[in-house]
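The values are calculated or read from the model by the stated rules, or taken from the named source; none is laboratory data. Remember, predicted model here, so these are calculated numbers, not experimental data. Cβ atoms come from the backbone with ideal geometry, glycine included; neighbour counts cover every protein chain shown. The protein model used for the area step is the full one, side chains on, heavy atoms only, and it has no ligands, DNA or RNA in it. Shrake-Rupley method; radii C 1.70, N 1.55, O 1.52, S 1.80 Å.
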Amino acid sequence: LVLSLIFLIPHVVLAETRIDSNDIKKDWVWSAAGSPYVLEEQLYLPKDHILTIDAGAEVISIEKSDGEDPNTLTIEGVLKANGTRENPIRFRNLGSLYFANSQSTISGSIFEKTGLDFFSSTSTIKDSVIDGVFNAVTARGSSL
């Protein structure tokens, strides 16, 4: 009887996807099912590449024991962060997302200890929260 009850109780299984520079794809989708996406190093998305992050996904930097700054995600391509208020995308401890010559859309996202830095970029941000950083948004030569 006990064994049959164990099989009837739903189990939540979370995957973890570790990301490094060898994993870059031209059209890349990060879903909630693969979360959290753990940046093992500084990550750069080149021009003409698209990273789509679906609602419910989480993106974090590995914990560094040597006191170094957390890993950042640099976007020269396109970021499409498609979160919702009910099911946000969470970015945690990245230090910053850096956008250079990028056209990106961000919605329904929560940035914890992660600022946004734009250089010569055009981006739309809506229904998002930035918390726990000194500079929440920095924009130079950009349209937000």
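Of I106, I89, all but one fail to be out of contact with any Lys or Arg (no Cβ under 9 Å at 6 or more places or on another chain) and among the β-branched types (V, I, T); the exception is I89. Under the condition of being surrounded by fewer than 16 Cβ atoms within 10 Å (Cβ to Cβ) and of a type in the set (S, T, N, Q), which residue from the stretch 21-51 is farthest from I106 (Cα to Cα)? In this case the residue turns out to be N22. For I130, are the conditions met, namely being of a type in the set (V, I, T), buried (at least 17 other Cβ atoms within 10 Å of the Cβ) and either more than 25 Å from K26 (Cα to Cα) or touching a residue at least 60 places away in the same chain (Cβ under 8 Å) (or both)? It is true that I130 is of a type in the set (V, I, T), buried (at least 17 other Cβ atoms within 10 Å of the Cβ) and either more than 25 Å from K26 (Cα to Cα) or touching a residue at least 60 places away in the same chain (Cβ under 8 Å) (or both). The test for being out of contact with any Ser or Thr (no Cβ under 9 Å at 6 or more places or on another chain), more than 18 Å from G115 (Cα to Cα) and either aromatic (F, W, Y) or modelled with pLDDT of 90 or more (or both) holds for P46. Of the conditions (1) more than 20 Å from W28 (Cβ to Cβ); (2) of a type in the set (F, W, Y); (3) open to solvent by 50 Å² or more (accessible area, probe 1.4 Å), Y98 satisfies every one except a single condition; which number is it? Against the list (1) more than 20 Å from W28 (Cβ to Cβ); (2) of a type in the set (F, W, Y); (3) open to solvent by 50 Å² or more (accessible area, probe 1.4 Å), Y98 comes up short only on (1).
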